[in-house]
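Worksheet for the structure shown next.
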Ligand SMILES: Cc1cc2nc3c(=O)[nH]c(=O)nc-3n(C[C@H](O)[C@H](O)[C@H](O)COP(=O)(O)OP(=O)(O)OC[C@H]3O[C@@H](n4cnc5c(N)ncnc54)[C@H](O)[C@@H]3O)c2cc1C
Ligand code: FES
Ligand code: FES
């Protein structure tokens, strides 16, 4: 299978990339290519031009300094190799280690995954749980978008067609903060049938704040606000965790040939409980 | 340096393949696997699924294994590529090839080039992997014949050979 013909641009800077995007409305940017190239081979995507971001060094890298900033072109492999992402960022390693396989992790990028907004991608839930924000640059300059406002629908984000996602920022949070991610992976593709990410702030054994998000089950990654409410301000004993896990079920859930709506609903609840327990275990 | 090519026009690229600098005139839509197989005649890299799943097309690109059916040839411009043909040196098999030979890590052999490239990249990073670590590292390589058991043993054997020679 071959993609249809396209023009190829390989800019060396963000400014050049933004100018190229502005000048080529039918172009697509190429990040890791692990969603885009398969779609082009199947002719599901036939862009007139590709703007390859792979030679823009400014878009790669991770800096940890209170808050964490991750360049959009940072690959899953680079996230896994970064020893600075321990502690409350463990959720990033939890998730990155099980995206696809080694070769997908070598090419696929955090920015590409978020911009693509596949309803079954791992990192959409992770950045929601972490309360991250993304920075986008377009012809009118830069703006930031909160993760909570980013995912609009299946494969649709609040990014405008002429905007480039440049980085993801995870704000600093005070106190004892723990995180975890778990998924039930599709046995053939490895994509999450359901994935749950959680970030909890602990005061002793009490959960003082919770952000929990689901991917795979819904048309876009979504916060599980009912589960968050059931946990917040409570001493996280077995009964409270079970209540939060049960509360997670109240969502509009999609079914498909592999996993029915009912089965996914069950997975949402089981994985929510599991992730909460895993995160809390990391506090001690 | 930025580069632009348009439409059916081609771009001249230079790639170091198995230690030799090679040049080709390519269309942007040419996939790396076809550059290797069709332009350079290196047919040890296979096309299996052609949908980024099976790993028959795995090669090493600048130190990392990639599925060459999911990388554009133009993206390898200036890069270093190792294929299965570049694993043996001076008539001597690579220890991972030795391992597959000694422990019957292949039957039809279709998956083997990609499997060997993935295993060699693992051992480069982790000279003494556990069975779980080996399975995790070859998750992107499908084998329809062996049931993976002997592949894991082959990689363990290769690890032993490499540790002995280190
Ligand atoms: C075999 C296989 C298994 C996979 N398994 C998983 C899995 O388990 N979990 C998972 O989450 N994903 C999985 N993926 C998808 C993988 O994570 C993709 O790499 C990811 O979804 C897209 O990232 P990319 O960098 O490859 O983006 P690309 O494919 O290059 O781009 C995707 C889309 O986003 C746009 N885009 C990319 N970067 C930007 C940017 N900076 N600004 C604006 N727009 C941008 C592109 O124009 C394109 O439309 C798998 C893929 C494969 C091939
Ligand atoms: S042919 Fe490339 S992954 Fe199957
Ligand atoms: S040996 Fe036949 S596919 Fe692996």
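Throughout, read-outs are computed from the coordinates displayed, never taken from laboratory work. Computed from a prediction, not measured in an experiment: that's the story for all the values here. Note that each Cβ is placed from the backbone with ideal geometry, even for glycine, and that neighbours are counted across all protein chains shown.
Approximating the spin labels as points 7 Å out from Cα along Cα→Cβ, the residue B:144-to-residue A:57 distance works out to 4.5 nm.
Can you give the angle from 0 to 90° between the axis of helix A:261-281 and the longest principal axis of chain A, with both taken from C-alpha atoms, to the nearest 10? Between the helix axis and the principal axis of chain A, the angle is about 70 degrees. Segment A:200-273 and segment A:71-94 have Cα centres lying 24 Å from one another. Taking every residue in B:67-76 and counting other chain Cβ atoms within 10 Å of its Cβ, the average works out to 6. For the pair residue B:80 and residue A:258, label points projected 7 Å from Cα toward Cβ lie 3.7 nm apart. Centre-to-centre separation between the Cα atoms of segment B:1-69 and those of segment B:90-130: 22 Å. Please identify, among A:228, A:203, A:163, the residue showing maximal mean-square fluctuation in a Gaussian network model of chain A using a 10 angstrom Cα cutoff. Judging by the Gaussian network model, the answer is A:203. Once the Cα atoms are used to define both axes, helix B:112-125 deviates from the longest principal axis of chain B by about 80 degrees.
Comparing A:41, A:220, A:28 in a Gaussian network model of chain A, where Cα atoms under 10 Å apart are tied by springs, the biggest mean-square fluctuation is seen for A:41. Extension gain for residue A:173-residue A:284 works out to 38.1 nm (0.36 nm per residue, less the C-alpha to C-alpha distance).
Distance between the modelled labels on residue B:101 and residue A:16, one decimal in nanometres: 4.7 nm (7 Å Cα→Cβ projection). Estimated from the Cβ-Cβ distance and a Förster radius of 45 angstrom, the FRET efficiency linking residue A:153 and residue B:49 is about 0.95.
The relative contact order of chain A, computed from alpha carbon pairs under 8 Å that lie at least 6 residues apart in sequence, is 15 percent. Averaged over the residues of peptide B:47-54, the number of Cβ atoms from other protein chains lying within 10 Å of each residue's Cβ is 4. Just how far, in whole angstrom, is segment A:122-161 from segment A:3-51 if you go by their alpha carbon centroids? Cα centroid of segment A:3-51 versus Cα centroid of segment A:122-161: 20 Å apart.
For segment B:46-166, the relative contact order is 31 percent, taking Cα pairs closer than 8 Å that sit 6 or more residues apart in sequence and dividing their mean separation by the residue count.
Gain in length, residue B:23 to residue B:132, computed as 0.36 nm per residue apart minus the alpha-carbon separation, to one decimal in nm?
Details: separation 109, 0.36 × 109 = 39.24 nm, distance 4.02 nm.
The residue B:23-residue B:132 span can extend by a further 35.2 nm.
The C-alpha atoms of chain A define a longest principal axis, and helix A:238-247 lies at about 40 degrees to it. Partner shielding of A:90-103 amounts to 4, given as the average count of beta-carbon atoms from other chains within 10 Å of each residue beta-carbon.
For chain B, what is the percent of antiparallel DSSP beta bridges, rounded to the nearest 5?
Of the beta bridges lying entirely in chain B, close to 90 percent run antiparallel.
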